[in-house]
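Written below as structure tokens is the structure these notes are about.
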Amino acid sequence: METRLAECLGFCFGVRRAVDTVYEQIKTGKTIYTYGAIVNNEEVVRELSGLGVKVIESKEELEKLDRGSVIIRAHGVPEEIYRILEEKGLECIDATCPFVKRIHKIVQQAGSDGNHVVIIGNAGHPEVEGIVGWCSGGVTVLEEPEDAEKFVPPHGEKLCVVSQTTYNYNKFHYIVEIFEKKGYNSTVVNTICNATEERQRSARALAAEADVMIVIGGRHSSNTRKLYDICREECAETYFIQTLDDLHLELPKAVRLVGITAGASTPNKLIEEVQNYVRINF
Ligand code: SF4
């Protein structure tokens, strides 16, 4: 029996960079906070908490802080958070993913040039909240094509359209087409990151070949859930686990290939544990 990992799985570049930053900072012995959980994975957050890293959940909590170093996670934060950190004299360690940082710069510039910014994405997502917080002028968040149909630029303003990094490319393209049909004067910047798509594509390819698929990731991680759904479409024997403890496999002799994939917030250590377990026991 063969065990094979999906070609692309686990931490994306931005999340790995942010998590590595936290571990580097722990070594300095400083009091470390992260603004929000550094990654959407309970195991990692628990481990970091055991190493003394505290999570700040809100702006209000940050305002009560008097000392310490605050790490900004890959999703980024509104400009206001940097201002609060500076006013309070707290050290800011910025682990915002450079792809997200690029969007902040685009919308900031677009606002000062008099554009109305349109963000295609989920308004409640921290990354989108962060982008909104860098818009110096008007801004609208559109989640679905139906929202785009109803949208009218205020006072006929020129638009600058960007997307949440994890937005679906086809939907983004469709929304842009709606704007084109309506004849809106808009500059479109595709800011979708291909990390999500690569993970989904390689999970599907592996699941199509595998007899059993194991998907590892946090219970609340929406990208892991999506990977699970994709794998299920291709492979009926697909298991969603958080850690090795959740894996209760009984593999029939006929199983030839066990595929493994993992959400963007699943650390390598967990993936290796599962892979070794399957290799040794079956
Ligand atoms: Fe950066 Fe892309 Fe990962 Fe988002 S998904 S953190 S943009 S690398």
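All of the numbers you see were taken from the coordinates with simple rules; none came from a lab. As the structure is a computational prediction, the values presented were derived from the model and not from experiment. Positions of Cβ are backbone-derived with ideal geometry, glycine not excepted, and every protein chain shown enters the neighbour counts.
Segment GLU177..GLU7, full-extension length gain: 57.9 nm, with 0.36 nm per residue of separation and the alpha-carbon distance subtracted. Once each part is reduced to its C-alpha centroid, what is the distance from segment 7-38 to segment 86-125 in angstrom? The two parts, judged by their Cα centres, are 20 Å apart. Under the combined filter of DSSP loop state and at most 15 neighbouring Cβ atoms within 10 Å, segment 214-245 retains these trypsin sites (Lys or Arg not before Pro): ARG219.
Rounded to the nearest Hz, the phi-derived 3J(HN,Hα) couplings of segment 57-70 under the Karplus curve 6.51 cos²θ - 1.76 cosθ + 1.60 (θ = phi - 60°) are 8, 8, 4, 4, 5, 4, 5, 8, 7, 10, 8, x, 10, 10, where x marks glycine and proline. Between VAL188 and VAL161, the built amide H atoms are under 5 Å apart, and every one of these is 5 or more places off in sequence or on another chain. Charge tally around THR261: other residues with Cβ under 13 Å, Lys/Arg +1 each, Asp/Glu -1 each, net +2. Each residue of segment 94-107 was assigned a 3J(HN,Hα) from its phi angle through the Karplus expression (A = 6.51, B = -1.76, C = 1.60, θ = phi - 60°), giving 8, 10, 4, 4, x, 5, 6, 4, 4, 5, 4, 5, 4, 6 Hz with x at Gly and Pro.
Where Rh is the Kirkwood radius over the Cα pairs of segment 107-256, the temperature 25 °C and the viscosity 0.890 mPa s, what D in µm²/s does Stokes-Einstein return? Approximately 139 µm²/s, per Stokes-Einstein. Karplus-derived 3J(HN,Hα) values for segment 42-56, using 6.51 cos²θ - 1.76 cosθ + 1.60 with θ = phi - 60°, are 4, 4, 5, 4, 5, 4, 5, 5, x, 9, x, 7, 9, 9, 8 Hz; glycine and proline are entered as x.
Scattering from segment 13-96 was approximated by placing one identical point on each alpha carbon and applying the Debye formula without solvent; log10 I(q)/I(0) at 0.14, 0.25, 0.26 1/Å stands at -0.41, -1.35, -1.45.
Against the chain, whose longest principal axis is taken from its Cα atoms, helix 194-209 shows a tilt of about 30°. Full extension of the chain between PHE282 and VAL152 gives 40.9 nm of extra length, using 0.36 nm per residue less the Cα-Cα distance.
Dividing the C-alpha radius of gyration of the chain by 2.2 N^0.38 Å, with N its residue count, gives 1.13.
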